[in-house]
Structures are given as structure tokens and as C-alpha cells.
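Enquirer: Just passing along the structure, written as C-alpha cells.
Rule-based calculations on the coordinates, nothing more; no lab input. These numbers were taken from a predicted model, which means no experiment stands behind them. Because the Cβ atoms are built from the backbone with ideal geometry, glycine has one as well, and the counts that use them run over all protein chains shown.
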Ligand code: GDD
Ligand code: MN
């Protein structure tokens, strides 16, 4: 039984597969190679089959049609026998010669070892456009998934993990970013990033595209418990109520009194939205206590809102525009530092 199972998902990699396999075999490590092919029209499967006959340590998992890289890796896991699993592209963008370095780290007891483009010493040969996409996606992950905050390259496609950190059933998405799911849903305590250079693709073309971007956004929202979406909905409800009530009261009520009522109504509206769509799970407290606490926590934002509105109207801003600026600054005041305290 090999120590390391190397999973290589393939779709139209006929020219690349023999090169990758030869370079892995040349390392003379204790490994098995698992090629998961989605019925590539270019004959990758037949090549994989002949490589399996040539080398005794190569298995081919055959799937009927193109079903995505993550589900390919999940399926490969079911035949993996190693204590550790490596995931890599079949296009030599992930140099196989880097496996021994990663394996050395894994054997020190690290749960997940990531070949990282974004730690000191790492780099990538991405085009400018793809680099922007990659950096933005990484930023989104850092913002929404706390667990990835300290990891420079949580979206790397090249990594090794101890097989028992994740149950294949917990890999649910069908995005490109299987590493994210392992980091968020797995029993991962230690992560180590080792710098490497993400090379140019040798043959064939990337399967990355718009669908992958959408799948990624869906995955991050899913993994974050739809947190950003819920916060946005609660914020939007507050904004609409605040401006709406101010608009209705303003002709007949002194501005700051109208604003105070609008602000309180908006606090209640966003409280209701937060209760319907809890971000940090439901709290055991009574409704009244929670509302009181919510009001206390938003007091700074409320005062900011009213003060900014008053000030801007004083210097002749249109009052709804002034209120909008006030709301934004008020939100900023509320969410600095207190957001995670909401329901805990
Ligand atoms: N079986 C199977 N099914 N394999 C697939 C499929 C599929 O639907 N789609 C892609 N693959 C295989 C490709 O043949 C290749 O071996 C590997 O999965 C990665 O696909 P690429 O098309 O080369 O992806 P990329 O280079 O654009 O993206 C890579 O880099 C990203 C880093 O930003 C991947 O490694 C990503 O996982 C990684 O996040
Ligand atoms: Mn690639």
C-alpha cells in the first residue's frame, strides 16, 4: 500500500498525461497515481490505460462524461489507499518535482500542505487578467471565510492532505476549489504553505471559465452560511425603511425628530431581518432582550446617522441624500468591531 495517493483529474490531457506520469515515476516515491478521466474525447483514457499497464502503481477511474474537477477528485478518493492524498493538474502547471518537499511537511504531522503561489518565494505565470480574477477570489474568501484568513493561497489547486481530515461526503460542491471545502469543512488543525512557481500550461487549454467563477461564488456563499447575503438583506431593509420613513415624516416633523424615528424604525427592520436570517445561529434570549441589546449595540451608528444628516442639511444638502450618507457612516460605525457580537 502506497503512502501517498496522487489524484490527477483529466479532461483532454492526452499530450500531457504521459509527461506528468513519467515525471512522477522518476521521483521514485512511494506513491499510487489515480487518474480520474471524464471520457475525454481526445483519447486520454486509452493513454491512461496503457500507462497503467506500463506502471503497476497507476489506477484509472473512468467516468461517463465531463462532470467537474471536484466531483472527479471526490470519486478518486473512494479508491485512494494512501494515508495522504495529493491533488494536482495534469498540465504540468503543478511541477511534480515539488511533491517530495510537500510530503516532507505532511509527514511532520501537518494536516494540509499547500503549494502556494502567494507566500514569499512563490509566484505564478498567470496572465494579468487571470491574476486579477485569482487575487479577487482570494480576497473574497479571506473576507467571508474566517478560517482561510491566515492562508495566503486557499485557492491553490496543488496540495496534499491527510486522507482522514475529510469525509468525501462532506465535499459537496462542484466548484474548482476543493481545497476551500477541505479547509472549511474538514477536521483541519494545521496548515503549512510552501512557496512554488505555478508554471505555464504545456499542452491543451484551461477549462477555467465563467461557469467556474459562478460556481466559486456559490461555494463561498454556501461555506459562509450565506452570511454576506444575510447581512446585505438586513442592511438593505434598514436603508429602505430609514429613507422611507424620513420621506413620509419630514414635511410635518422637525428634521432631527423625524430622523430619530426613521433610525429607530430601521433598527427594528434590520433586527427583524437578522432574526429571520440569523448569521451566527439562534440565540436563547427573549425577543425583547435581544431587541434591547440590538439597540444598545447600534446606538453609535444611530447617533452618527442623525448627526451627519443634521450637519449636511445645515450646509444645504438635499435631506434624503444627506440621510444616505449618514446611514452609510452609521453602518460603518456599527459594524466596526461589534458585528460578530450580534447574536453571541
Ligand atoms: N475529470 C475531470 N473532469 N477533470 C477535469 C475537469 C472535469 O470536468 N475539468 C478540468 N479537469 C482537469 C484538467 O484536465 C486539469 O488536469 C485539471 O483538472 C485542472 O484544470 P485546468 O483547466 O488546468 O485548470 P486551471 O489551470 O485553469 O486551474 C487550476 O489552477 C487553479 C489555481 O488558481 C486548477 O488547479 C484549479 O483547481 C486551481 O484552483
Ligand atoms: Mn491547469
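Enquirer: Using only Cα atoms and rounding to the nearest 10 degrees, what angle (0 to 90) does helix 44-54 make with the longest principal axis of the chain?
Expert: Tilt relative to the chain: about 50 degrees.
Enquirer: Further, regarding this structure: Over the Cα atoms of segment 195-344, how large are the radius of gyration and the largest Cα-Cα distance (Dmax), in Å?
Expert: When restricted to the Cα atoms of segment 195-344, Rg and Dmax are 20.7, 72 Å.
Enquirer: If you bin the C-alpha pair distances of segment 1-88 every 5 Å from 0, what whole percents do you get?
Expert: Taking all Cα pairs of segment 1-88, the binned fractions are 3, 16, 29, 27, 18, 6, 1 percent.
Enquirer: Looking only at 54, 62, 177, which one moves most when the chain is put into a Gaussian network model with springs between Cα atoms under 10 Å?
Expert: Most flexible of the set in this elastic network: 54.
Enquirer: Could I ask something else about it? Could you check which residue among 80, 332, 237 shows the biggest mean-square fluctuation in a GNM of the chain with a 10 Å Cα cutoff?
Expert: Of 80, 332, 237, the Gaussian network model singles out 332 as fluctuating most.
Enquirer: Give me the one-decimal nm value for the distance between modelled label points at residue 286 and residue 300, 7 Å along each residue's Cα-to-Cβ direction.
Expert: Reported label-point gap for residue 286 and residue 300 is 2.9 nm.
Enquirer: Stretched out fully, how many nm does the piece from residue 1 to residue 97 gain, at 0.36 nm a residue minus the Cα gap?
Expert: Here the answer is 32.4 nm.
Enquirer: How far is it, in nm, from the label point at residue 276 to the one at residue 189 when both lie 7 Å from their Cα along the line to the Cβ?
Expert: Each label point is offset 7 Å from its Cα along the Cβ direction, giving 4.3 nm.
Enquirer: From the Cα gyration tensor of segment 214-299, with a ≥ b ≥ c the square roots of its eigenvalues, which class applies: rounded if a/c is under 1.5, or else prolate if a/b is larger than b/c, or else oblate?
Expert: Taking the square roots of the gyration eigenvalues as a ≥ b ≥ c, segment 214-299 is oblate.
Enquirer: Further, regarding this structure: Using the alpha-carbon centroid of each, what span in Å lies between segment 181-247 and segment 73-142?
Expert: Using only Cα atoms to place each centre, the spacing works out to 18 Å.
Enquirer: What FRET efficiency comes out for residue 15 versus residue 143 if R0 is 41 angstrom and r is the Cβ-Cβ distance? Round to the nearest 0.05.
Expert: E between residue 15 and residue 143, to the nearest 0.05, is 0.60.
Enquirer: I've got another one for you. What FRET efficiency, computed as 1/(1 + (r/R0)^6) with R0 = 25 Å and r the Cβ-Cβ distance, is obtained for residue 325 and residue 293, rounded to the nearest 0.05?
Expert: Efficiency, from the Cβ-Cβ distance: 0.40.
Enquirer: Quick one: pull the percentage of alpha-carbon pairs in segment 1-45 with a separation above 17 Å.
Expert: Taking all Cα-Cα pairs of segment 1-45, the fraction more than 17 Å apart is 33 percent.
Enquirer: Identify which of 225, 149, 121 has the largest mean-square fluctuation in a Gaussian network model of the chain, with springs joining Cα atoms closer than 10 Å.
Expert: 121
Enquirer: Ok, one more. Report the normalised scattering of segment 4-223 as log10 I(q)/I(0) at q = 0.14 Å⁻¹, calculated by the Debye formula with identical scatterers on the alpha carbons.
Expert: Ignoring solvent entirely, the Cα scatterers give -0.82.
Enquirer: In degrees from 0 to 90, rounded to the nearest 10, what is the angle of the helix 128-144 Cα long axis to the longest principal axis of the chain?
Expert: For helix 128-144, the angle is close to 60 degrees.
Enquirer: Nearest 10 degrees is fine. How inclined is helix 299-314 to the longest principal axis of the chain, computing both from alpha carbons?
Expert: 60
Enquirer: Can you give the Rg/Rh ratio of segment 168-272, where Rg is from the C-alpha atoms and Rh is the Kirkwood radius?
Expert: With Rg and the Kirkwood Rh in hand, the quotient comes to 1.27.
Enquirer: Per DSSP H run of n ≥ 4, the term is -39500 (n - 2.57); total these for the chain, divide by its residue number, and report the mean residue ellipticity at 222 nm rounded to 500 deg cm²/dmol.
Expert: Result for the chain: -16000 deg cm²/dmol, rounded to the nearest 500.
Enquirer: Another question about this same structure. Run the numbers for residue 211 and residue 53: contour at 0.36 nm per residue of separation, minus the present Cα-Cα distance, in nm.
Expert: Length difference between fully extended and current span is 53.3 nm.
Enquirer: Further, regarding this structure: Suppose R0 equals 41 Å; then what is the FRET efficiency for residue 221 and residue 125 from their Cβ-Cβ distance, rounded to the nearest 0.05?
Expert: That gives a FRET efficiency of 0.85.
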